[in-house]
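Visitor: Here it is, the structure in full.
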Amino acid sequence: MAVKNELGALMDKRRITEEKLAGLTGMRQGHINLIKNSKRIPQIETALRIARALRVPVEKIWSLSDRNAA
């Protein structure tokens with residue numbers, strides 16, 4: 001299983017910058033960047049804060065993906 005990350009696509013669609021999302025969540029821009037680029041998988045609290053800031057269910061941003069599925 002792998003974690004599918006749609007944060008970057010959602011941010012682009014809504015025209016929200018890393019800096020703006022950092023301000024909305026109280027996180028550092030660099031941490032947002034690491035999460036957005038799948039360098040880090042966020043802890044549950046962080047994922048929920050991001051989802052709340054973007055006003056979407058957390059599953060809209062992250063989901064499980066079976067890489068071996070056809």
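The values are calculated or read from the model by the stated rules, or taken from the named source; none is laboratory data. Predicted model only: the values in this text are computed from it and were never measured. Positions of Cβ are generated from backbone atoms using ideal geometry, with glycine treated the same way; all protein chains shown enter the neighbour counts. SASA here: full protein model, heavy atoms, side chains in, ligands and nucleic acids out. Shrake-Rupley method; radii C 1.70, N 1.55, O 1.52, S 1.80 Å.
Visitor: What is the chain's relative contact order, in percent, from Cα pairs under 8 angstrom and six or more apart in sequence?
Guide: Once normalised by length, the contact order is 52 percent.
Visitor: Could you give the accessible area per residue of the chain, probe 1.4 Å, as a whole number in Å²?
Guide: Using a 1.4 Å probe on heavy atoms only, each residue of the chain averages 74 Å².
Visitor: From the phi of every residue in the stretch 44-57, what ³J(HN,Hα) in whole Hz does the Karplus formula 6.51 cos²θ - 1.76 cosθ + 1.60 yield, where θ is phi - 60° and glycine or proline is x?
Guide: Here the 3J(HN,Hα) series is 4, 4, 5, 4, 5, 5, 5, 4, 5, 4, 8, 6, 9, x Hz.
Visitor: Over all directions, what mean area does the Cα convex hull of the chain project, stated in square nanometres?
Guide: 4.7 nm²
Visitor: Please get the size of the charge dipole for the chain, origin at its Cα centre, with Cβ charges of +1 on Lys and Arg and -1 on Asp and Glu, quoted in debye to the nearest 20.
Guide: Using Cβ point charges on Lys, Arg, Asp and Glu, the chain gives about 160 debye.
Visitor: Measure off 7 Å from each Cα along the Cα-to-Cβ vector at residue 4 and residue 16, then give the distance between these two points in nanometres to one decimal.
Guide: 2.0 nm
Visitor: Once ligands and nucleic acids are excluded and a 1.4 Å probe is used, how much of residue 38 is accessible, expressed in Å² to the nearest 10?
Guide: 80 Å²
Visitor: So how much accessible area does residue 45 have, in Å² to the nearest 10, using a 1.4 Å probe?
Guide: About 120 Å², rounded to the nearest 10.
Visitor: Moving on to the next point. Determine the gain in length on full extension of the stretch residue 29-residue 60; use 0.36 nm per residue of separation and subtract their C-alpha separation, reporting nm with one decimal.
Guide: Full extension from residue 29 to residue 60 adds 9.1 nm.
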